[in-house]
Each structure stands twice: as structure tokens, then as C-alpha cells.
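The values are calculated or read from the model by the stated rules, or taken from the named source; none is laboratory data. Just so we're clear, the structure is a prediction, and the values are computed from it rather than from any experiment. Ideal geometry is used to build each Cβ from the backbone, glycine not excepted, and the neighbour counts take in all protein chains shown. The protein model used for the area step is the full one, side chains on, heavy atoms only, and it has no ligands, DNA or RNA in it. Shrake-Rupley method; radii C 1.70, N 1.55, O 1.52, S 1.80 Å.
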Amino acid sequence: MKKLVLLLLAALLSAPQLRADKGMWLPSLIGSRIKDMKAKGFRLTAEDIYSVNEASLKDAVVLFNGGCTGELISDEGLLLTNHHCGYSAIQSHSSVEHDYLTHGFWAMNRQEELPNPKLYVSFLVRMDDVTDRVLKGVKDDLPVGKRDEKIRSNIDGVIAEATRGTRYKADVESFFYGNQYFLFVYENFTDVRLVGAPPSSVGKFGGDTDNWMWPRHTGDFSLFRIYADSENRPADYSPDNVPYRPRRSLAISTEGLKEGDFTFIYGFPGTTKQYILSDEVDYILNRSNPHKIGLRTMRLDIMGEEQAKSVATRIQYASKHAGVANAWKKWQGESKGLARLGTLENKREAERRFQQWADAHPAYADVLPQMHGLYAELAPYAFARDYYAEAYGAVELTRFASRLVRAGAGQREAMAREFYKDYSPVIDARIAKKTWGEYLRNVPQEFLPEAFAQAVAVAGGVDAAVEKLFAESRLTDSVRFAAWLSLDEASRQAALEADPAVAMAAAFDGVYLERIAGPYRDLNARIAALYRVYMRGLMEMEPDAVFYPDANLTLRVSYGRMEGYKPLDGVYYTPQTTLEGIMEKDNPDIYDYDIPQRLRDLYAGKDYGRWAVDGTVPVAFLATNHTTGGNSGSPVLNGRGELVGLNFDRTWESTMSDIEFDPAKCRNIAVDIRYVLFLIDKVGGAGYLLDEMRFAR
Ligand code: ARG
Ligand code: ASP
């Protein structure tokens with residue numbers, strides 16, 4: 001009898017409905033999920049997550065610099081985010097004498113914390129459902145353009161009212177394709193100082209080789225501090241500012257998680273597309289991804305070859321290479337995942353079911369056929385747009401040329417210094433030959449810039465045209481640029497206007513703006529209007545189903561549990577890595593795996609202090625939380641809302657989760673908070689920072 005109960009229990013625990021961790025929930029509506037969360041191990045209340053009047057966990061989470069997430073870990077404004085989110089700030093303070101990227105940086109007191117003029121963080125003050133106000137006076141029969149105009153003006157009114165007489169910023173975002181609208185009121189802080197960062201050999205350990213992969217051993221974190229004026233209000237940098245006192249900061253748990261333990265993530269996921277039609281999946285899977293991956297492979301090969309030839313070039317192109325490689329690798333994982341899940345067929349099947357239902361519900365009968373028609377019209381523009389971005393846009397010289405033309409005369413010298421510091425015309429010309437060649441070969445005649453076609457014809461081929469352009473342009477290197485800069489004002493302007501790189505940029509930009517961007521935008525607006533109807537239909541068709549809104553860089557909660565997965569038949573990935581794995585990968589001859597000597601010494605002496613767990617140090621872990629780009633830096637919390645890790649990535653088999661989430665395989669990757677603390681304390685020698693943190697017991 002007991003055995004039977006156990007068996008039933010086991011079956012229940014592995015039942016699919018209990019495994020479904022997908023979803024990124026709006027904090028103000030989390031009440032609807034609390035029962036499920038509690039059943040899985042959540043120990044707090046909905047008000048602990050989000051409350052307008054009381055301090056709640058939301059007050060400890062920020063949108064970091066408009067694209068990542070960060071969290072407050074002390075009552076003195078100390079903020080934790082990823083190394084790759086703080087990267088440009090760390091880089092901006094680095095020089096040959098102070099190479100913080102290579103050696104890391106630790107402020108040893110408040111005076112040593114480094115200000116970052118362009119960096120800001122945003123706190124969510126409150127969010128409100130404003131659907132009725134946004135849709136007021138918006139009749140169903142308005143043409144798309146008029147409808148969008150009316151909505152825009154309603155939104156402007158809502159924002160003006162929400163911010164009037166305050167220092168707040170506000171946005172209204174659409175949910176479920178315009179079926180629902182929420183107002184988000186933010187408070188932005190602009191004095192955010194760098195407190196600490198590990199060396200890149202820790203913060204980027206594994207580099208592009210390990211990126212999007214498990215097992216993972218990256219110490220992907222950095223520390224900042226928010227400063228405010230004497231009244232605790234946002235203020236631009238001033239030496240008189242004082243550490244910000246947040247309404248709420250996170251307590252840290254050093255107990256860690258065990259496989260199966262509940263965990264949730266609070267953060268700002270950027271974009272997901274769970275409800276797109278098969279047409280769009282088809283386009284991504286069979287057209288866009290293969291072409292974009294192919295174009296980036298060419299770029300990466302060329303960069304890699306040239307980087308291998310010289311140390312200077314390797315450093316110059318390190319960040320560019322990483323940027324190009326990140327999406328390149330993700331798209332490959334995404335395509336594989338979509339194919340494995342059969343997402344295209346699943347969507348087609350779902351659309352057949354919808355159509356059957358819609359045939360009996362006249363308001364919806366035409367939606368899908370109309371959308372399929374518009375998608376067919378959209379495809380050539382989408383394709384040309386992809387090539388504009390990924391083939392034309394792959395070339396640095398022409399993009400620099402068009403920025404230079406648009407910039408004020410006073411800014412140009414500084415722009416040039418910035419540009420040439422990390423620029424190789426050899427790499428750039430090689431890339432131009434390849435990717436512009438692909439543009440010529442693959443993009444239909446009507447989207448081919450005439451000046452480009454002509455240059456190719458005159459020179460007798462793309463390669464020769466590119467060589468001629470790079471030979472003749474005055475912008476190809478800093479020496480020529482200096483010569484141009486020394487001309488008198490009038491000749492300088494004339495030379496710029498006549499420059500072949502400027503002309504080529506204008507030709508591509510012109511075609512894009514005149515023939516691609518407009519139709520692309522208009523068709524998409526018509527498709528979006530139909531998505532609204534389709535989405536409403538889906539909800540009407542399945543009134544009991546639970547729908548969650550796509551990510552749109554607004555604050556969300558995802559929940560799940562620590563768990564490994566099976567990437568392949570016969571392979572199981574356990575969900576925790578340790579320092580042992582770092583030592584296994586350590587190799588002074590491989591750039592991505594060359595750890596700091598200090599770490600080797602600590603390992604040799606087993607000198608882990610209070611951070612030792614079972615004779616080693618925990619490093620990273622997997623969980624089933626639904627995340628996407630933007631969730632980087634998000635706090636990973638245990639059932640009591642205590643910080644146990646810092647989110648920074650997903651696994652290779654997860655990358656299609658922006659389109660279809662697979663509970664069996666999708667995992668987020670977090671750096672274990674105990675590794676972060678070990679690094680601050682033992683490697684950085686900045687253990688004094690721990691004094692202001694709050695540890696749960
Ligand atoms: N894949 C992670 C994300 O999408 C980390 C990227 C940074 N690391 C890198 N090697 N490029 O942001
Ligand atoms: N690495 C991503 C980020 O920077 C997170 C992800 O895509 O899973 O936001």
C-alpha cells in the first residue's frame with residue numbers, strides 16, 4: 001500500500017502540469033500564481049513580491065542601464081549585476097597603466113569608487129492597468145493608422161498625468177498585442193559608481209567557447225553603488241552625493257540550493273515571441289537564421305584569423321568578436337531547438353485548430369488568412385532588412401562614415417579617436433568583400449543601391465570595388481583622418497561629402513530608408529493589429545487556459561527549481577558546478593581558460609575560508625526559470641526571497657525558449673552567490689564589503 005502511494009506520488013511529481021515552469025509573470029498580478037508557487041516551495045506572500053505602499057522585493061531590483069538587471073544587496077546602495085553588464089563601464093576606466101579588464105578592480109573605500117557618466121539604473125515605483133484609458137474612444141472599425149494615433153495620444157496623456165509634478169519617468173507598454181496596457185512609473189538614478197569587478201579571466205571565464213553552454217564556470221558579476229543627494233533623491237554625479245538608501249535590499253543566503261529546491265527570478269526580460277504564427281517561425285528557421293548565421297560565420301572567421309596573427313588585434317577585436325559571436329551562437333541553438341521541438345509543425349497544427357473554431361465565430365474567421373497574406377508580403381522586406389543589418393551593417397567603415405556626417409564638427413575628433421582605437425581596416429575590408437558580396441548575390445535587384453551596383457560594375461567585381469573604396473577613402477585609418485582634419489573648414493566639408501565611404505553609406509542607407517523600412521513598418525503594423533484580434537480569439541477559445549504575456553523589458557517574476565537536464569540521449573547534466581571544474585579547464589595557453597594565479601594558489605592551499613562547501617567552492621547552478629536577454633544580472637532567490645545566485649545565461653538547448661519553452665530542457669544559468677562572495681573576499685581582497693551585506697540565518 002505504502003509502495004503504491006509512493007509510486008502515485010512519483011508519477012504525480014513528474015506529471016507535465018507540475019513541470020510547466022514557463023511564464024514571466026507581472027509582479028502586480030502575481031497573486032494568481034501564489035497558490036502554485038507555494039505548492040512548489042515559495043514561503044512568502046504576493047505583497048512581499050510587489051506592494052505599492054510597503055517596501056517589497058521589487059524595490060531591491062533595478063533595470064541596469066536600460067538592458068540588464070541589477071539588485072541591491074545592502075542598505076547603502078550596493079548593487080550586484082553581471083560582469084558582462086558592467087563591461088563597458090569597467091572598460092572605460094581601463095588603460096595600459098590601470099588595466100581593470102585584465103586585473104580586475106576593487107575600490108578599497110568609498111573614495112575609490114569610480115563614477116560612470118552614462119550609466120543609470122531605474123527603479124519601478126508602481127505599475128497600473130491602464131487598458132481602459134488607453135483604449136478610450138478607440139473604436140474597433142478605425143483604420144490601423146488612425147487607431148495607432150489615437151492610442152498614442154491617449155498614452156501620452158496617461159504618461160503626462162503620471163509624471164506631472166514628479167521626478168519620475170513613465171512608459172505605457174502593450175501586453176497580449178494591445179489587448180491590455182500597463183503604465184510603469186520609474187525613478188532613475190544617474191550617479192552609479194563602479195565598486196568592484198573580478199579579472200576578465202574570472203568574469204568572462206570560458207569566453208565564447210563556454211557561452212550559452214553547460215557545464216559553466218564563469219564568475220560573471222560586478223559591483224556598483226548608487227549615490228543620491230542628501231535627501232536620498234536621484235542626482236547627477238557630485239562628490240557631495242551620498243550612498244542611496246533603498247526601500248529594500250536583499251538578504252543573502254549562503255545555504256545554497258539542492259536539486260529540486262524552489263527558486264524564483266525577479267528581473268527585466270527583454271523580448272519573447274511565444275504567440276507568433278507559423279509564418280514567422282518558418283521565416284526565422286528557414287530564411288533569417290541560416291542567412292544571419294552564415295554572414296556572421298564569415299565575419300568571425302576573418303576576425304579570428306587576423307586576431308591570431310597579432311596580440312594587439314586580438315585585444316582590439318575581443319569585445320567586437322564576443323558581441324558578434326553571442327547572437328551567432330544563440331541563433332544556432334535556437335534553430336536546432338525549434339527543429340527538435342517541431343515548433344513549425346506544432347504552430348501549423350494549432351492554427352488549424354484555431355481556424356476550425358474561428359469558422360464558427362465570424363469575428364475571427366478571416367484573421368489567420370489575412371495574417372498569412374500579410375506575412376507573404378512582408379517576407380521580402382524582412383529579408384532585405386536582415387541583409388541591411390547583417391551584411392551592409394557588418395562593415396565598420398561605412399557606418400562610421402555616416403555617423404561622422406551626422407555628427408557636429410566639434411564631436412568628430414573624439415569620435416574618431418574612439419573608433420580608430422579598436423579598428424583594423426584589414427579586417428574590415430576583408431569582411432566587406434565577403435558580406436557585401438553576399439548582399440549582391442542574395443538581395444533582390446530592387447533593394448540594391450545603384451551606387452553600389454555601379455561601383456561593382458566599374459571596378460569589375462565586389463572585391464575590386466571594396467579595395468578601391470578602402471584605398472580612396474580618407475577615413476580608412478587615423479593617419480588619413482588626421483590629414484583630413486588638418487584641411488581648412490571648407491575643404492574639409494567638401495572632402496567629406498565627396499568621400500567614397502560616405503557616398504556608399506548614403507547609398508545603402510537611402511535604399512533602406514526609402515524602399516525597405518517604410519513597407520516593413522506598415523506591414524508589421526497591420527500584422528500587429530491582427531495579432532490583437534488573434535490573441536483575443538485564442539483566449540476566448542480556451543477560457544480556462546493560463547496565458548502569460550511576452551517579455552517586453554518590464555519587471556517580471558519567473559519561478560521554477562534547481563534542476564539538471566538531459567541534453568542528449570544517455571547524458572545527464574547535474575545542476576551544480578564547483579571550483580574543481582575551473583581547475584580542470586585551467587590552461588595558461590588558452591586565452592579563455594587562463595585563470596588568475598591567485599586562484600591557483602588559493603586552490604593549491606585549499607584556502608577557501610568560510611566559503612568552503614564539502615571541500616570545494618560552489619560556482620554555478622542550473623534552474624528551470626523562464627528567462628531571456630535582459631534577465632542577465634537578475635537575482636536568483638530561494639523560497640524565502642533570499643539571494644542565492646545571479647542569473648547570467650541559458651544553456652545551448654534552451655535558446656529557442658524565446659519562441660517555445662521546453663520544460664524538459666530549458667535551463668537558466670546562475671553564478672552561485674557563494675562563489676561571488678569567495679571572489680570578493682579571497683581573490684579581490686575586498687572582504688570589507690561583506691560588512692554592509694545582510695546574511696540570512
Ligand atoms: N550569453 C549571455 C547573454 O546573452 C552572455 C553573453 C556575454 N558573454 C560572451 N562571451 N559574449 O548575454
Ligand atoms: N545572457 C543574457 C543576458 O545578457 C541572458 C539570456 O539570454 O539568457 O541578458
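Overview of results
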| read-out | value |
| --- | --- |
| Heavy atoms of Glu345 accessible to a 1.4 Å probe, total area in Å² rounded to 10 | 100 |
| Potential lengthening between Lys566 and Leu487 on full extension [0.36 nm per residue; Cα-Cα distance subtracted] | 22.0 nm |
| Stretch gain in nm, segment Asp594-Ser32, where the contour uses 0.36 nm per residue and the Cα spacing is subtracted | 197.6 nm |
| Potential extension, Tyr237-Arg43 segment - 0.36 nm per residue separation minus Cα distance | 65.9 nm |
| Anchor Lys433: aspartates and glutamates whose Cα lies under 17 Å away (excluding residues fewer than 8 positions away in-chain) | Asp301, Glu305, Glu306, Glu390, Glu396, Asp463, Glu467, Glu472 |
| For the stretch 514-522, 3J(HN,Hα) per residue [Karplus equation, 6.51 cos²θ - 1.76 cosθ + 1.60, θ = phi - 60°, Hz, x = Gly/Pro] | 8, 10, 10, 4, x, x, 4, 5, 5 |
| Probe 1.4 Å, all protein chains present, accessible-area order of Met213, Met693, largest first | Met213, Met693 |
| Shape of the stretch 592-687, Cα gyration tensor, a/c cut at 1.5 | prolate |
| Filter on Lys22/Lys169; Lys22/Lys566; Lys329/Lys468; Lys292/Lys566 - keep pairs with C-alpha separation over 24 Å | Lys22/Lys169; Lys329/Lys468; Lys292/Lys566 |
| Paramagnetic reach from His98 (point 7 Å along Cα→Cβ, amide N under 14 Å) across the stretch 190-205 | 193-197 |
| Computed magnitude of the charge dipole of the chain (debye, nearest 20; Cβ of K, R +1, Cβ of D, E -1) | 1020 |
| With DNA, RNA and ligands ignored, accessible area of Cys666 (1.4 Å probe; Å², nearest 10) | 0 |
| Estimated FRET transfer efficiency (Glu692, Ala389; beta-carbon r; R0 41 Å; 0.05) | 0.40 |
| Calculated FRET efficiency for the pair Asp141/Asp301, C-beta based, R₀ 35 Å, to 0.05 | 0.05 |
| Accessible area in the full protein assembly, largest first, 1.4 Å probe, for Arg147, Arg247, Arg521 | Arg521, Arg247, Arg147 |
| Rounded to 5, percent antiparallel among DSSP beta bridges of the chain | 95 |
| Three-way shape call for the stretch 447-519 based on the alpha-carbon gyration tensor, with the a/c threshold at 1.5 | oblate |
| Modelled FRET efficiency - R0 41 Å, Arg640 with Glu514, Cβ distances, 0.05 increments | 0.10 |
| Cut-off under 5 Å, modelled amide H: who pairs with Asp649 long-range | Ile669 |
| Student exercise, the stretch 378-482 dipole from Lys, Arg, Asp, Glu Cβ charges, in Debye to nearest 20 | 240 |
| For Thr254, residues with placed amide H under 5 Å, excluding near neighbours | Ala696 |
| Per residue value of the accessible surface for the stretch 500-592 (all protein chains in place, 1.4 Å probe), Å² | 45 |
| Selection from Tyr388, Gln411, Thr435 lying farthest towards where the dipole of the stretch 380-452 points positive, charges on Cβ | Gln411 |
| Net charge over other residues, Cβ less than 15 angstrom from the Cβ of Phe648 (K, R count +1; D, E count -1) | 0 |
